[in-house]
1. Pairs needed: first member in the range 32-47, under 15 Å from E13 (Cβ atoms); second member anywhere, part of a loop (DSSP other than H, G, I, E, B) and of a type outside the set (F, W, Y); C-beta distance under 8 Å; at least 6 residues apart or different chains.
2. Please specify each residue of the range 46-58 satisfying the condition of being surrounded by 14 or more Cβ atoms within 10 Å (Cβ to Cβ) and not in a helix (DSSP H, G or I).
3. If I ask for residues that are out of contact with any Ser or Thr (no Cβ under 8 Å at 6 or more places or on another chain) and not in a loop (DSSP other than H, G, I, E, B), which ones from the range 20-40 would you list?
4. Which residues, counting only those in the range 34-45, are buried (at least 18 other Cβ atoms within 10 Å of the Cβ) and touching a strand residue (DSSP E or B) at 6+ places or on another chain (Cβ under 6 Å)?
5. Would you be able to say whether some residue in the range 12-29 is at pLDDT 80 or above, among the charged types (D, E, K, R) and under 10 Å from the mean Cα position of the chain (by Cα)?
Amino acid sequence: MTLLYPPPYQDIEALSQHLSVTRRTIDTWVKVGKLPAPRVQGGKRIWKWTDVERYLDGNAGLVSSSPDQLAARITEATRNAIASRSR
């Protein structure tokens, strides 16, 4: 049997190795929206590699966002709209 590389789903350890960053960096990137939120399967956090690639390629809009990420984007867009009106 031949395993796919990178695996279609990765836990934080595999993801940190593929991205050459620490697990803490992954958690930070998820918080700021640079990476998608993980899925939880059997109590374990996993990431779908294609979702990670879309985020890293700057196409995060193609991947569904968590409610918190969506709220943060709306808040930022509102601030930008108000700021552009006062110029």
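The values are calculated or read from the model by the stated rules, or taken from the named source; none is laboratory data. Since the structure is predicted, the reported quantities are computational estimates derived from the model, not experimental observations. Cβ sites come from the backbone with ideal geometry, for glycine too, and all protein chains shown count toward neighbours.
1. Pairs that qualify, where the first residue is under 15 Å from E13 (Cβ atoms) and the partner is part of a loop (DSSP other than H, G, I, E, B) and of a type outside the set (F, W, Y), are R45/P38; I46/P38; W47/L35; W47/P36; W47/P38.
2. Correct list: I46, W47, K48.
3. R24, D27, T28, W29, V30, K31, V32, R39, V40
4. Selection gives P38 alone.
5. Checking the range 12-29: at least one residue is at pLDDT 80 or above, among the charged types (D, E, K, R) and under 10 Å from the mean Cα position of the chain (by Cα).
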